[in-house]
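Undergrad: Starting off with a structure, shown below.
The values are calculated or read from the model by the stated rules, or taken from the named source; none is laboratory data. Source: prediction; values computed, not measured. We place every Cβ from the backbone using ideal geometry, glycine too, and count neighbours over all the protein chains shown.
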């Protein structure tokens with residue numbers, strides 16, 4: 001069962017994990033670490049964070065009222081054939097991935113199969129956890145939002161993936177489905193109105209082929225969650 | 001890819017999720033929910049909890065110094081062929097699952113395959129989230145620990161699973177690998193000394209066959225975590 005190579009596409013949660021400048025960053029608090037009065041070793045921690053940071057799920061309810069929460073997304077929508085679309089980002093980090101970039105990829109690798117999970121590889125995972133290089137600023141707070149700069153998915157490309165390619169879910173190796181300069185988050189709105197979940201801050205995708213692998217993306221099952229920490233992995237089947 | 005039926009073996013995280021009487025329970029805090037000043041709907045939450053509550057991983061470092069933390073466990077140890085061992089618990093909730101119960105199961109279903117993930121079904125998931133019925137007490141705090149009562153795995157059975165059956169991981173549908181009355185947590189110690197992770201508060205296992213299914217257990221990737229929220233799922237392949 002499950003022959004092949006498993007690849008972890010998840011950044012570690014630690015105090016270095018990257019969060020939106022206005023979001024509560026990950027905290028890991030020691031409750032106990034050491035030998036107890038009964039003579040055995042014991043370690044335990046509490047943790048706290050925004051739902052939106054590190055490698056995480058964006059649930060449709062995040063931007064679309066009445067849509068699915070993190071705990072409600074069917075497993076069938078989180079598991080499926082994967083597609084990796086490599087996108088070349090130049091010096092202009094605030095790039096929006098276009099329909100043309102997707103169709104150009106398809107000319108080389110074939111049409112995105114129906115019900116795929118599409119992962120955009122902008123090479124940004126290599127910049128993690130350097131906040132300034134990864135998302136344009138290491139500052140925190142509301143004023144830092146205007147300094148964000150990183151690639152995202154153009155709203156037209158999101159529409160194309162839903163309407164023309166019937167994708168199950170969309171992921172990207174940057175902090176957000178929308179690009180750093182976004183104000184209205186149209187890509188989020190478009191995807192979530194159709195209950196298509198998003199995966200953000202996905203880790204290094206470079207080991208994946210363009211097609212022919214499977215994705216399993218399992219979020220923490222937070223009831224009514226607008227998002228959740230995500231463990232996302234891929235299986236590359238053995239070559240014959 | 002992945003034909004068959006996916007089954008979620010995970011309880012939802014909410015304020016009703018069950019935690020150890022002394023552990024920080026799950027908190028879900030609204031940051032924003034409603035229409036923003038830019039005219040679109042937006043919802044976001046923070047969350048906080050102990051690593052040990054709800055359906056969760058116990059990492060080897062929880063009871064064994066220097067062993068694997070939650071983020072370090074290889075995927076290969078969290079993914080594999082599953083075995084469901086149903087155990088009949090009588091009125092005495094503080095039952096310890098014995099070697100004999102395992103070998104009796106094997107007489108009917110065959111020897112546990114090498115490198116299996118063994119899940120014990122005590123029927124306790126049906127009692128969730130009623131704390132008093134599920135674990136013997138709904139009280140919180142240190143004094144409540146003496147009132148805990150629920151089934152666990154006898155240390156001899158843990159040794160047997162490691163030494164005689166070479167298991168990858170062990171799960172149970174109760175709050176702890178050790179039974180409610182445990183003081184020294186020997187089963188935890190035995191498993192974790194060998195870097196065998198544990199899955200606790202696993203949800204309803206009754207839809208699984210005794211053997212012939214796969215398990216994928218993906219914890220939140222907490223660096224140096226003593227445990228982590230776990231999303232655990234199973235795949236039952238199609239019958240021919």
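Undergrad: Can you say whether residue B:92 is without any contact (Cβ under 8 Å) to a residue 12 or more places away in the chain and in a loop (DSSP other than H, G, I, E, B), as far as the supplied structure shows?
TA: Here the answer is yes, as residue B:92 does meet what is asked.
Undergrad: Buried (at least 18 other Cβ atoms within 10 Å of the Cβ), more than 11 Å from every other protein chain (Cβ to nearest Cβ), in contact with a strand residue (DSSP E or B) (Cβ under 7 Å, 6 or more places away or on another chain) and assigned to a strand (DSSP E or B): which single residue out of B:202, B:215, B:170 fits that description?
TA: Answer to the check: B:170.
Undergrad: Okay, moving on. Evaluate segment B:119-135: report whether one residue or more is surrounded by fewer than 17 Cβ atoms within 10 Å (Cβ to Cβ), away from chain A (no Cβ under 14 Å) and more than 23 Å from residue B:15 (Cα to Cα).
TA: Scanning segment B:119-135, I find no residue that is surrounded by fewer than 17 Cβ atoms within 10 Å (Cβ to Cβ), away from chain A (no Cβ under 14 Å) and more than 23 Å from residue B:15 (Cα to Cα), so the answer is no.
Undergrad: Now a separate question. Please go through segment A:143-155 and give me each residue that is crowded, with 17+ Cβ neighbours inside 10 Å and farther than 20 Å from residue A:127 by Cα, ordered by number.
TA: Across segment A:143-155, the qualifying residues are A:154, A:155.
Undergrad: Among the residues of segment B:72-82 satisfying the criterion of being surrounded by fewer than 21 Cβ atoms within 10 Å (Cβ to Cβ) and in contact with a strand residue (DSSP E or B) (Cβ under 7 Å, 6 or more places away or on another chain), which is farthest from the other protein chains (Cβ to nearest Cβ)?
TA: Filtering first and then ranking leaves B:77.
Undergrad: Just need a number here: residues in segment B:220-238 that are surrounded by fewer than 24 Cβ atoms within 10 Å (Cβ to Cβ) and in contact with a helix residue (DSSP H, G or I) (Cβ under 8 Å, 6 or more places away or on another chain).
TA: Here the count works out to 3.
Undergrad: Okay, next question. Can you tell me how many residues within segment A:95-135 are under 18 Å from the mean Cα position of the chain (by Cα) and closer than 30 Å to residue A:24 by Cβ?
TA: 21
Undergrad: Could I ask something else about it? Would you point out the residue of segment A:156-167, among those that are part of a loop (DSSP other than H, G, I, E, B) and touching a residue at least 24 places away in the same chain (Cβ under 8 Å), that is surrounded by the most Cβ atoms within 10 Å (Cβ to Cβ)?
TA: It comes out as A:167.
Undergrad: Among the residues of segment B:1-36, count how many are surrounded by fewer than 22 Cβ atoms within 10 Å (Cβ to Cβ) and outside any loop (DSSP other than H, G, I, E, B).
TA: 14
Undergrad: Please count how many residues of segment B:37-71 are more than 7 Å from chain A (Cβ to nearest Cβ), closer than 21 Å to residue A:57 by Cβ and assigned to a loop (DSSP other than H, G, I, E, B).
TA: Matching residues across segment B:37-71 total 2.
Undergrad: While we're on this one: Which condition number in (1) under 19 Å from residue B:171 (Cβ atoms); (2) modelled with pLDDT of 95 or more; (3) more than 10 Å from chain A (Cβ to nearest Cβ); (4) in a loop (DSSP other than H, G, I, E, B) is the one that residue B:85 fails?
TA: Going through (1) under 19 Å from residue B:171 (Cβ atoms); (2) modelled with pLDDT of 95 or more; (3) more than 10 Å from chain A (Cβ to nearest Cβ); (4) in a loop (DSSP other than H, G, I, E, B) one by one, residue B:85 breaks only (4).
Undergrad: Return yes or no: is residue A:187 part of a loop (DSSP other than H, G, I, E, B) and either over 27 Å from residue B:12 (Cα atoms) or facing chain B (nearest Cβ under 9 Å) (or both)?
TA: no
Undergrad: Is it fair to say residue B:4 is more than 8 Å from every other protein chain (Cβ to nearest Cβ) and without any contact (Cβ under 8 Å) to a residue 40 or more places away in the chain?
TA: no
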